[in-house]
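Reviewing the structure listed below.
A short reminder: the numbers here are calculations on the coordinates, not readings from a lab. Everything numeric in this text was worked out from a predicted model, so none of it was measured. Methodologically, a virtual Cβ is constructed for each residue, glycine included, from the backbone with ideal geometry; neighbour enumeration extends over all protein chains shown.
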Amino acid sequence: MTAKNKKRATRIATILGLAYLLPNLLGFLVFTAGPVIFSFGASLTNWNIMNSPPLEFVGFRNYQQVGQSSQFWTFFINTVYFMAFIPVGIAGSLVVALLLDSRLRGMTLFRTLLYLPSFTAGVAIMIMWKGLYNPDHGLINACLRGVFDLFSLPFQGPGWLQSTQNLMGLHPEKIAFAVKDIGLGAREALVFMGFWAGLGGGNMLLYLAALTNMPDELIEAASLDGAGRWAVFRHVKWPQLAPTTFFIVIMSVIGGFQGGVDSAQVMTGGGPAGTTTTLAYHIFRKSFVEYQFGYASAVAWVLFAIVFAFSGLLWKFGNKETNY
Amino acid sequence: MRALFSAILVVLVGWTLFMLPTSRDPVPAGKTIVTWATDDTPIRREQIALFNKLNPDLDLRIDPTNNDPNKVVVQSIGGVGPDVFDMPGTTLKVFVDSGIALDLTDELAKMGYDPLSEIWPAAKPLFAIEDRTYGVPANLDTLAIFYDRQAFDEMKLPYPPVNPTWDDIIAIGKKLTAKDASGRTTRYGLLFWWDWRDFFAMCGARLFTDDGRKLTIDTPEALAAVNLMSSLIYVHKLAPTASESNSMASVGGWGSGNESRFVGRRAAMVVGPRYFTGNFRRAPDLKVGVVKLPLSATGSTRLKGRTIAVNSRSPRRAAALRFIKFVTDGGYNRLNNDLADGVGPSLKYTEEPKFQFNPDFPEEKYNPIWRQSMLAAQPDESSPYISNGQVDEAVGFQLDLVNQGIKDPKAALAAAQAAGEKLLQENLAANAALAKRYAEGSK
């Protein structure tokens, strides 16, 4: 092939490559990049889809209002509260993955059963949990009552989805703590449901894939050197899982900041008294219920900044512990 | 490999071009499709069938997945909205301010229809702003108490009086509440929606001053309303708690919730609108009676309804206007009244003998009660300075705390009043024109 033909072939290959990329690129520009840029522009206006008040440029006033809004900080705390349980969820997924990595008969069945909530419709799961959480006739309180009765103890069951109580004693009306607010309420109800649904989900699959791909020689060598199960896990498997853990943590943090819309919409309406309203649900309500698109865009950009900052910190400090 | 990918690309493009014509809704020859964003119920299908029969060149179709107001607004602004749509409750201003609801004043005049004299008088805020008309109610409704005659007969109790007091209802409801051996309630005395606005109206509590400039949600009447609502559940234990209701509920909508529980004999009485009747008719063993809702001296029942508006951006405006004309006609009104989808928009058709007593449903001897209740009903109040959603947010937040017993109703209403006033002031701060109007004191 002459140099000229080679150059021509390269050019054709480049054009073809770009042509293949074009549909995706166009989709990205139209449906992702465009709206992202547009939303930043919107956040600098008083845009209300009802034309009331008339559209005008307000600079960073929306951002200032976000910072001064007690609602925003309450919902930020709600979001962080839900995210505080992410490590527990990740640990649960890891334990399940370790159990499912065993070579036992019928393991495929166990894997399928544990993955079942992940391919069941989310709304169906939420409606089922609403029934389970009924304080008077739900299965959960019925079981708890049974346990208390066994020991002849008086039973006052949690109010679950109707209660503002929480494990940290956060007050529903202001950013404060109180002993009387300690208990199991709507926040915990959603956390437990999320834990149950996520236990055998994507994180477990990622861990299972990492465990399956782990070289057997490493574990065999450690065993030959006299390492017990815990030592093998602590010094061989856990370091090998570090890249997977890092990925899961990053994705869970991003997902945690963006989550809470489905469960709030289906199960609680963001209540009681706003205790299950997350930042993402706050954005949804501000835009599609109150039509304050300018303000909602500002909240979305503040949320983006928070997610970006957290991800950056995790990347900077967490990345050192991985094998990348 | 390149050849393989190129071949796949060619196949995909070819297949797309081949399938493209099939992706469009088939339009019957010589017909124009008119889209109505509304809920999908058996009643709606009968209304549509009648319209399509009377207008053979049109094909009215519903879009039940997009009848939420925010979807209608967003889609209409995006240019892909429905031709006609429902405006629930007092959302009229939302659609008018956004320029989506077409001004129908002149068109209705051309049709010879005077909405102010034809439509139920109290419904004006649902379809008109000052002297301009933006829609015609699809139906209107209000609340009364349905009772299960069989439950009363089994207990050998007399039916409730037509104009009961709350003391009457509580006494009867207690007798009719049944529990099983484990203490679980198998039949509630009374079901009602946990909706503070219903009880505010019944107890004569106002939300705003006459000029709409101040909230009035901490008055003695409001306190009486909240006390009544919670006492029916927590003191008299006639009705399920919010959590019990919540866990029994599916996702709501026609034919679900309290009406299906009543059909399932989970309650002896239920507070509900006339449209519940449609569901009750599908349970042939159920024998129902109706009495009025107890009201305080200044109280009223709430007027509920959906108003049909024409999308100002619809390319099929003429066809949409023919649908509006259909809704104003006797055929639609009588069908609506017969199907018990509330009552039709025009008052005069409820004066006809067939509404007073419909021989097709001989058990239903209570339609005059619905007519009287409708005449006494009042629409929800609104203020230009604060949205209903914001008022709901302020009051709902506090009632959640009352519901848990961690705040007393008086303190909760005072807090709701303060929160509502704060939101109102924020609205004024964000909107100079609104602030000017507020300062001038005009509503």
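Expressed as an acute angle from 0 to 90° and rounded to the nearest 10, what is the orientation of the C-alpha long axis of helix B:42-54 relative to the principal long axis of chain B?
With both axes taken from Cα atoms, the answer is about 40 degrees.
How do A:M214, A:M267 line up, fewest other C-beta atoms within 10 Å first? Write down the numbers at each step before the final one.
Details: A:M214 15, A:M267 23.
Lowest to highest Cβ neighbour count: A:M214, A:M267.
Report the one residue of A:G260, A:A186, B:Q356 whose Cα lies farthest in the direction of the positive end of the charge dipole of the protein assembly as shown (charges on C-beta: Lys and Arg +1, Asp and Glu -1; origin at the Cα centre).
A:G260
Quickly work out the B:A433-to-A:L25 label distance, labels modelled 7 Å from Cα along the C-beta direction, and quote it in nm with one decimal.
A separation of 4.4 nm, rounded to one decimal place.
Length gain on complete extension for the stretch A:R11 to A:Q265, per 0.36 nm per residue less the alpha carbon to alpha carbon distance? Please report the intermediate quantities before stating the final value.
Working: separation 254, 0.36 × 254 = 91.44 nm, distance 5.22 nm.
Gain on stretching A:R11 to A:Q265: 86.2 nm.
Cross-link list B:K31/B:K71; B:K410/B:K436; B:K214/B:K348: which exceed 29 angstrom alpha carbon to alpha carbon?
On the way: B:K31/B:K71 27 Å; B:K410/B:K436 33 Å; B:K214/B:K348 37 Å.
Pairs exceeding 29 Å: B:K410/B:K436; B:K214/B:K348.
Take the alpha carbon gyration tensor of the stretch A:66-189, find the square roots of its eigenvalues, order them as a ≥ b ≥ c, and report rounded if a/c is under 1.5; if not, report prolate when a/b exceeds b/c, else oblate. Provide the component values of the computation, followed by the final result.
Working: a/c = 2.12, a/b = 1.36, b/c = 1.56.
It is oblate, given that a/c is not under 1.5 and a/b is not larger than b/c.
Please list, by residue number, every one of the GluC sites (Glu not before Pro) in the stretch B:352-443 that is coil in DSSP and has at most 15 other beta-carbon atoms within 10 Å. Could the numbers behind the result be given before it?
Values: sites: B:E363, B:E364, B:E381, B:E393, B:E421, B:E426, B:E440; in loops: B:E363, B:E364, B:E381.
The qualifying sites are B:E363.
Taking chain A as the region of interest, what is the percent of Cα-Cα pairs per 10 angstrom bin, listed from the shortest bin to the one with the maximum distance?
Reading the bins upward from 0: 5, 18, 24, 24, 17, 8, 3, 1, 0, 0.
Can you pull out the trypsin sites (Lys or Arg not before Pro) in the stretch B:348-386 whose DSSP state is coil and whose Cβ has at most 15 other Cβ atoms within 10 Å?
Working: sites: B:K348, B:K354, B:K365, B:R371; in loops: B:K365.
In loop regions of the stretch B:348-386 (DSSP not H, G, I, E or B), the sparsely surrounded trypsin sites (Lys or Arg not before Pro) are B:K365.
Just to check, using Stokes-Einstein with a Kirkwood Rh over alpha carbon pairs, what's the diffusion coefficient of the stretch B:397-443 at 37 °C and 0.692 mPa s in µm²/s?
Values: Rh = 12.1 Å.
The diffusion coefficient I find is 270 µm²/s.
With a cut-off of 8 Å between alpha carbons and a minimum separation of six or more residues, what is the relative contact order of chain A in percent? Don't jump to the answer; show the numbers that get you there.
On the way: 362 pairs, mean separation 80.3, N = 324.
Reported as a whole number, the value is 25 percent.
Could you tell me which of the pairs A:K180/A:K286; B:K175/B:K292; A:K130/B:K292; B:K325/B:K365 are separated by over 23 angstrom between their Cα atoms in the structure shown? Can you show the working numbers first?
On the way: A:K180/A:K286 31 Å; B:K175/B:K292 20 Å; A:K130/B:K292 34 Å; B:K325/B:K365 31 Å.
Over 23 Å apart, Cα to Cα: A:K180/A:K286; A:K130/B:K292; B:K325/B:K365.
Please give the Cα centre distance for the stretch A:158-227 versus the stretch A:253-324, rounded to the nearest Å.
19
Pull out a ≥ b ≥ c, the square roots of the eigenvalues of the alpha-carbon gyration tensor of the stretch B:317-443, then state rounded if a/c is under 1.5, prolate if not and a/b is larger than b/c, and oblate in the remaining case.
Working: a/c = 3.36, a/b = 1.71, b/c = 1.97.
Oblate, because a/c is 1.5 or more while a/b does not exceed b/c.
I need the semi-axes of the equivalent ellipsoid of the protein assembly as shown: take the C-alpha gyration tensor, multiply each eigenvalue by 5, square-root it, list largest first in whole angstrom.
Details: eigenvalues 485, 277, 159 Å².
Each semi-axis is √(5λ); the values are 49, 37, 28 Å.
Given a Förster distance of 60 angstrom, what is the FRET efficiency for B:S6 paired with A:I175, based on the Cβ-Cβ distance and rounded to 0.05?
Working: r = 61 Å, r/R0 = 1.01.
Given R0 = 60 Å and the Cβ-Cβ separation, E is 0.50.
Calculated FRET efficiency, B:V162 and A:T120, Cβ-Cβ r, R0 35 Å, to nearest 0.05? Show your work: numbers first, answer last.
Numbers: r = 50 Å, r/R0 = 1.42.
The formula returns an efficiency of 0.10 here.
Shielding by partners for B:396-404, please: the mean number of other protein chain Cβ atoms within 10 Å of each residue's Cβ. Working shown, then result.
Details: counts 6, 7, 2, 3, 12, 5, 0, 7, 9.
For peptide B:396-404, the averaged partner shielding equals 6.
Sort A:V58, B:V27, B:V96 so that the residue with the fewest other Cβ atoms within 10 Å of its own Cβ comes first and the one with the most comes last. All intermediate terms of the calculation are to be shown ahead of the outcome.
Values: A:V58 19, B:V27 10, B:V96 23.
Taking fewest neighbouring Cβ atoms as first place, the list is B:V27, A:V58, B:V96.
Compute the distance from the alpha-carbon center of the stretch B:141-198 to that of the stretch A:17-38, in whole Å.
After rounding, the separation between the Cα centres reads 60 Å.
Quick check for me: using +1 on Lys/Arg Cβ and -1 on Asp/Glu Cβ, what's the dipole size of the protein assembly as shown about its Cα centre, in debye to the nearest 20?
Numbers: 72 positive and 65 negative charges, 375 e Å.
Computed about the Cα centre, the dipole is about 1800 debye.
Tell me, what is the percent relative contact order of chain B, built from C-alpha pairs under 8 Å that lie six or more residues apart? Can you show the working numbers first?
Details: 710 pairs, mean separation 95.9, N = 443.
22 percent.
Based on alpha-carbon atoms only, what is the radius of gyration of the stretch B:361-412 relative to the globular estimate 2.2 N^0.38 Å?
Values: Rg = 18.2 Å, N = 52, 2.2 N^0.38 = 9.9 Å.
Cα-based Rg divided by the globular estimate yields 1.84.
Which length gain, in nm to one decimal place, applies between B:E118 and B:V80 when the Cα-Cα distance is subtracted from 0.36 nm times their residue separation? Mind showing how you got there, number by number?
On the way: separation 38, 0.36 × 38 = 13.68 nm, distance 3.25 nm.
Full extension of this stretch gives 10.4 nm more.
What distance in nm lies between label points placed 7 Å from Cα along the C-beta direction at B:N70 and A:I182?
It works out to 3.7 nm between the two label points.
Suppose a student asked you for the relative contact order of the stretch A:207-300, using Cα pairs under 8 Å spaced at least 6 residues apart; what percent would you report?
18
How many nm separate the modelled label positions at A:D136 and A:L99, each set 7 Å beyond the Cα in the direction of the Cβ?
Using points 7 Å along Cα→Cβ, the separation is 3.5 nm.
Would you mind checking the tilt of helix B:2-19 against the longest principal axis of the Cα atoms of chain B, expressed as 0 to 90 degrees and rounded to 10?
That helix lies at roughly 70 degrees to the long axis.
If you line up the long axis of helix B:367-376 against the longest principal axis of chain B, both from Cα atoms, how many degrees apart are they, to the nearest 10?
90
What FRET efficiency comes out for B:W15 versus B:N358 if R0 is 51 angstrom and r is the Cβ-Cβ distance? Round to the nearest 0.05.
Details: r = 56 Å, r/R0 = 1.09.
According to the calculation, E is roughly 0.35.
Where in the stretch B:84-121 is the amide nitrogen less than 11 Å from a point lying 7 Å along the Cα-to-Cβ axis of B:A318?
From the stretch B:84-121, the list is empty.
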